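Structure, as structure tokens:
The values are calculated or read from the model by the stated rules, or taken from the named source; none is laboratory data. All values derive from a computational prediction rather than experimental measurement. Ideal geometry is used to build each Cβ from the backbone, glycine not excepted, and the neighbour counts take in all protein chains shown. In case anyone asks, the SASA skips ligands and DNA or RNA and just uses the protein heavy atoms, side chains included. Shrake-Rupley method; radii C 1.70, N 1.55, O 1.52, S 1.80 Å.
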Amino acid sequence: MRGHRGRRGLHAPPALSVADTGCGSPAACGDGPARPPARRITPGFASGGRGVARYVRSGGRAARHPPRGRDPGGGSRGARAAARARGERSQLMWTVWAYSEQGDTALEVLAAGRALADQSRGIVVSIGLDDPACRIAHGADEAWRIPLPSDAPPPADVAARALLRAMEPEPPDVLLAGATRLGNEAMARVAQSLGVGCATGCTELAMGVGGELAVERRCYGGRLVARQALRGRPRMATVQPRRFEPLQPDPARRGVVRELPEDAAGPAVRVLSAEPRALGHRDIGKARALVAAGRGVRSREDLAMLEALAALLGGEVAGSRPLTDDLKWLPANVKVGLSGRTVRPDLYVACGISGQVEHVVGMRGARTVVSINADPDAPIHAEADYALVGDLYVLVPALIRALQERC
Ligand SMILES: Cc1cc2nc3c(=O)[nH]c(=O)nc-3n(C[C@H](O)[C@H](O)[C@H](O)COP(=O)(O)OP(=O)(O)OC[C@H]3O[C@@H](n4cnc5c(N)ncnc54)[C@H](O)[C@@H]3O)c2cc1C
């Protein structure tokens, strides 16, 4: 067994230079070739770039709610409102809007927005479908609700129109959304309408010293980290689900609740019928322990061994792409990686998984990683806190026996 400490630091992907996605750049930038020429911007990244990550990690998780009636940055809310009414709008006092159509993601995006708002002594507005009081308790100064005829998430065009209408008097300084399928599409529509850029799938966010929104995003299948700066108004970004921890709720917090006007036009696309995909019942995103099966597992029947280990650990079985997509031994919704789920369990046991980057990007956030692989040079060992080099058909039964003896 080899212990690997600081695996994330050692194997953090190299940084790509910074591209300016400010006003006027193509909307909803992806990894496509139409990106503006890359250039370095050191001012926003005071400590060579890692300061961005440091700020958001501490700000996103440890940020405390401001006392009631106080400006999140320290001044009174009344004084801030008066300053705004007088037109004294500080460049640094950001109004951050945080939108998501999904309840859990809405709270994560809100936490990311709260950290940015606190950094700029500004305010954060949560826009979503869920209970506004809950979002106020989780750190929003204002919670707006998009009215909908049904409980289903709004189609992207409806959400985009609601956001654009809400911006008519004044756009926010920053508009964040969850990087879900609907969230990315809604933001692309908003960005295109406004003619501003949008960085999708961001993993870190911070306010740059020049007032730009500094973001980090993984690109080229997670091999590189792109650091980008967004200028203009609004600075738009979508954030990876499960990247930011929701803030602890404070039921005593007070804020403004608002219902956005109804959408008269209705969705441009009418869904005639929907058939659910054949998926497993497991939600690997919520499991605290995951035992992930890779191509080193020889037959579908052998998965029972991993199920037994997962049950003893109180977790679920997940898998790499060959097992879900090629062999179809596992349902598609338990695939971990670039084209599957991003998971952050307390424990991730990778069994017979080589550790290709497309898989690893989905499990890097796990608190403790155990790799079981016969090949001592398999890349998965470098991602692991505990690397078990050996045959999984020997090691997994041994782990099961050891756990059974302890029960
Ligand atoms: C665009 C794109 C998106 C992708 N998205 C994903 C994704 O979301 N998720 C994903 O997983 N992959 C994804 N892939 C595929 C990815 O590149 C790898 O091919 C895949 O992750 C490999 O799966 P694996 O590690 O299970 O298999 P392999 O790479 O074949 O590794 C099997 C491992 O098992 C070990 N092994 C064999 N027998 C034993 C034994 N008895 N005991 C112990 N160890 C043993 C071997 O040493 C080997 O390291 C994507 C690829 C592309 C191009």
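All of ALA264, ALA278, ALA226, ALA268 fail the test of being at pLDDT 85 or above and not assigned by TED's automatic domain parsing to the domain that holds HIS359, apart from ALA226. Within region 321-360, the set of residues being within 6 Å of the ligand (Cβ to nearest atom), open to solvent by less than 40 Å² (accessible area, probe 1.4 Å) and touching a Leu at 6+ places or on another chain (Cβ under 6 Å) comprises just one member, GLY352.
Taken as a whole, region 391-399 holds at least one residue that is aromatic (Phe, Trp, Tyr) and farther than 20 Å from ILE284 by Cβ. Listed by position, the strands (runs of 3 or more DSSP E) enclosed by region 309-399 include none that has at least 2 residues that are hydroxyl-bearing (Ser, Thr, Tyr), assigned by TED's automatic domain parsing to the domain that holds THR203 and over 20 Å from PRO241 (Cβ atoms).
Looking at the structure I just gave you, is ALA62 exposed (fewer than 14 other Cβ atoms within 10 Å of the Cβ) and at pLDDT below 50? Yes, satisfied.
Does LEU392 satisfy the condition of being surrounded by fewer than 23 Cβ atoms within 10 Å (Cβ to Cβ), touching a residue at least 60 places away in the same chain (Cβ under 8 Å) and near the ligand (Cβ under 7 Å from one of its atoms)? Break it down stepwise before answering.
Values: surrounded by fewer than 23 Cβ atoms within 10 Å (Cβ to Cβ): no; touching a residue at least 60 places away in the same chain (Cβ under 8 Å): yes; near the ligand (Cβ under 7 Å from one of its atoms): yes.
Criteria not met by LEU392.
Residue count for region 162-180 satisfying the condition of being assigned to a helix (DSSP H, G or I) and either free of Cβ contacts under 8 Å to residues at least 12 places away in the same chain or not assigned by TED's automatic domain parsing to the domain that holds GLY122 (or both): 0. Taking the criterion of being open to solvent by 20 Å² or more (accessible area, probe 1.4 Å) and farther than 18 Å from ARG298 by Cβ, the residues of region 361-387 that qualify are VAL361, ARG364, GLY365, ARG367, THR368, VAL370, PRO376, ASP377, PRO379, ALA382, ASP385, TYR386.
Give the residue, chosen from VAL215, VAL269, VAL257, VAL209, that is part of a strand (DSSP E or B), open to solvent by 10 Å² or more (accessible area, probe 1.4 Å) and over 30 Å from ALA350 (Cα atoms).
None of the others qualify; the one that does is VAL257.
Using the structure shown, decide if ASP302 is outside any loop (DSSP other than H, G, I, E, B), under 27 Å from the mean Cα position of the chain (by Cα) and among the charged types (D, E, K, R). No; evaluated as a whole, the condition is false for this residue.
When you look at PRO246, is it touching a His at 6+ places or on another chain (Cβ under 9 Å), crowded, with 16+ Cβ neighbours inside 10 Å and in the same structural domain as GLY113 (by TED's automatic domain parsing), yes or no? It is true that PRO246 is touching a His at 6+ places or on another chain (Cβ under 9 Å), crowded, with 16+ Cβ neighbours inside 10 Å and in the same structural domain as GLY113 (by TED's automatic domain parsing). The conditions of being within 26 Å of the chain's Cα centre (by Cα), closer than 23 Å to VAL225 by Cα and near the ligand (Cβ under 9 Å from one of its atoms) are not met by VAL369.
If you check GLU307, GLU316 for being more than 14 Å from the ligand (Cβ to nearest atom), charged (D, E, K, R) and more than 20 Å from GLY362 (Cα to Cα), only one passes: GLU307.
Beta carbons closer than 6 Å, at least 6 apart along the sequence or on distinct chains, pair a first residue in region 351-376 that is among the acidic types (Asp, Glu) with a second that is in a loop (DSSP other than H, G, I, E, B) and near the ligand (Cβ under 6 Å from one of its atoms) for GLU358/GLY337; GLU358/LEU338. Taking the criterion of being modelled with pLDDT under 95, open to solvent by 20 Å² or more (accessible area, probe 1.4 Å) and touching a His at 6+ places or on another chain (Cβ under 9 Å), would at least one residue in region 396-407 satisfy it? No, because not a single residue in region 396-407 is modelled with pLDDT under 95, open to solvent by 20 Å² or more (accessible area, probe 1.4 Å) and touching a His at 6+ places or on another chain (Cβ under 9 Å).
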